[in-house]
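Here's the structure we're looking at; comments come further down.
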Amino acid sequence: MEQYLQWKELLRAGEDLPFWQEFYVKFYQAFIEADRWKQYLEGVGSTLMVTALALVIGVILGVLVAIVRTAHDQQRPGRHNPILGVFNGICQVYVTIIRGTPMLVQLLIMGFVIFSTSREYTAIGILTLGINSGAYVAEIIRGGLMSLDPGQMEAGRSLGLNYIDTMRFIVIPQAFKAILPSLGNEFITLLKDTALIYTIGGEELVYAAKAISTRTYEQMFPLVGSALIYLALVLIFTWLQGLLERRLRQSDRR
């Protein structure tokens, strides 16, 4: 500790230190001094919370949009429900706008235009991420539903099930296995996109890293550290996704 303080004062005075001493001082400042590693852990917790809540919003929106669009596309020739057509048009506009504009621009509009009077920046970030993810999840689910044999739907209806029950008990369980890899990739993308809410003042891992860098006057170690933490999280969730996919393939063989 005494050596650290001595080297730190020499570094502040502009003295040239050996590379390993300078590295040690900057590393100690960024992660150990004043228990700053706890701030990174809090940032990870906030990042996971934001990801989970945004994913819930995205999945709910995605399922609703996918069901509406699939129901519209699977209508029998000559039997078009006008109300369903209106909802399908709204869903198409939603998906087109969200997928056609950058996530960062959406966050800035939500944070500084639509909710300009609010100070709940993290909540605004969660809502925006969820709305953005919902458009992509909708297309993933819709693609999975449309890829199934139409006979599955007809078989369910012939058993006396209505459209919702047929989708719930027959179609969606079969489509889930097909869309799982794409949903996993969307979750990983969403996890990384949480870093963007820092631009509107949302609290997550990058927010914690930047707060530390303002105290240490050193950008590299906090930012590189946060990048490595993101990489570790992505690798963990990729491994878990692969494990789940293998389990599902094994259950298919049985």
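The values are calculated or read from the model by the stated rules, or taken from the named source; none is laboratory data. Small disclaimer: the values here were computed from a predicted structure and weren't measured. Virtual Cβ from ideal backbone geometry, glycine too; neighbours counted across all protein chains shown.
Take the residues in region 101-140 that are in contact (Cβ under 8 Å) with a residue 24 or more places away in the chain and of a type in the set (Phe, Trp, Tyr); name whichever of them is farthest from residue 177 (Cα to Cα).
112
Considering each of 64, 108, 5, 17 in turn, give the residue that is at negative phi and at pLDDT 95 or above. Even if it seems obvious, please write down each step before you answer.
Details: 64 fails: at pLDDT 95 or above; 5 fails: at pLDDT 95 or above; 17 fails: at pLDDT 95 or above.
That would be 108, the only listed residue that is at negative phi and at pLDDT 95 or above.
For region 157-168, does any single residue satisfy the condition of being under 30 Å from residue 243 (Cβ atoms) and touching a residue at least 12 places away in the same chain (Cβ under 8 Å)?
To start, the set of residues in region 157-168 that are under 30 Å from residue 243 (Cβ atoms) comprises 167-168.
From what is left, the residues that are touching a residue at least 12 places away in the same chain (Cβ under 8 Å) are 167.
Checking region 157-168: at least one residue is under 30 Å from residue 243 (Cβ atoms) and touching a residue at least 12 places away in the same chain (Cβ under 8 Å).
I'd like the full set of residues that are under 17 Å from residue 52 (Cβ atoms) and surrounded by fewer than 20 Cβ atoms within 10 Å (Cβ to Cβ), limited to region 188-201. Walk me through how you get there before you give the answer.
Step one: of region 188-201, the residues under 17 Å from residue 52 (Cβ atoms) are 188-197.
Of everything in region 188-201, those that are under 17 Å from residue 52 (Cβ atoms) and surrounded by fewer than 20 Cβ atoms within 10 Å (Cβ to Cβ) turn out to be 188, 189, 192, 195.
Scan 183, 233 and give me the residue that is aliphatic (A, V, I, L, M), in contact (Cβ under 8 Å) with a residue 60 or more places away in the chain, in contact with a helix residue (DSSP H, G or I) (Cβ under 8 Å, 6 or more places away or on another chain) and surrounded by 15 or more Cβ atoms within 10 Å (Cβ to Cβ).
Details: 183 fails: in contact (Cβ under 8 Å) with a residue 60 or more places away in the chain.
Selected residue: 233, the only one of 183, 233 that is aliphatic (A, V, I, L, M), in contact (Cβ under 8 Å) with a residue 60 or more places away in the chain, in contact with a helix residue (DSSP H, G or I) (Cβ under 8 Å, 6 or more places away or on another chain) and surrounded by 15 or more Cβ atoms within 10 Å (Cβ to Cβ).
Determine if region 85-104 includes at least one residue that is charged (D, E, K, R), part of a helix (DSSP H, G or I) and surrounded by fewer than 18 Cβ atoms within 10 Å (Cβ to Cβ). Step through it out loud before you land on a result.
Looking only at region 85-104, we keep the residues that are charged (D, E, K, R), and these are 99.
Those left that are additionally part of a helix (DSSP H, G or I): 99.
Okay, now just the ones that are also surrounded by fewer than 18 Cβ atoms within 10 Å (Cβ to Cβ), so 99.
Yes, that holds for at least one residue.
Residue check: is residue 222 assigned to a helix (DSSP H, G or I), in contact (Cβ under 8 Å) with a residue 12 or more places away in the chain and either surrounded by fewer than 17 Cβ atoms within 10 Å (Cβ to Cβ) or aromatic (Phe, Trp, Tyr) (or both)? Outline the logic, then answer.
Details: assigned to a helix (DSSP H, G or I): yes; in contact (Cβ under 8 Å) with a residue 12 or more places away in the chain: yes; either surrounded by fewer than 17 Cβ atoms within 10 Å (Cβ to Cβ) or aromatic (Phe, Trp, Tyr) (or both): no.
Criteria not met by residue 222.
Within region 117-136, can you find the residues that are in a helix (DSSP H, G or I) and polar (S, T, N, Q)?
As a first pass, look at region 117-136 and keep what is in a helix (DSSP H, G or I): 121-136.
Answer for region 117-136, where residues must be in a helix (DSSP H, G or I) and polar (S, T, N, Q): 122, 128, 132, 133.
Report yes if some residue within region 202-212 is surrounded by 14 or more Cβ atoms within 10 Å (Cβ to Cβ), modelled with pLDDT under 90 and of a type in the set (A, V, I, L, M, F, W, C); otherwise report no.
no
Of the conditions (1) within 21 Å of residue 249 (Cα to Cα); (2) surrounded by 16 or more Cβ atoms within 10 Å (Cβ to Cβ); (3) among the basic types (Lys, Arg), residue 177 satisfies every one except a single condition; which number is it?
Unmet condition: (2).
So is residue 242 small (Gly, Ala, Ser), surrounded by 14 or more Cβ atoms within 10 Å (Cβ to Cβ), assigned to a helix (DSSP H, G or I) and modelled with pLDDT of 85 or more or not?
Details: small (Gly, Ala, Ser): yes; surrounded by 14 or more Cβ atoms within 10 Å (Cβ to Cβ): no; assigned to a helix (DSSP H, G or I): yes; modelled with pLDDT of 85 or more: yes.
The answer is no for residue 242.
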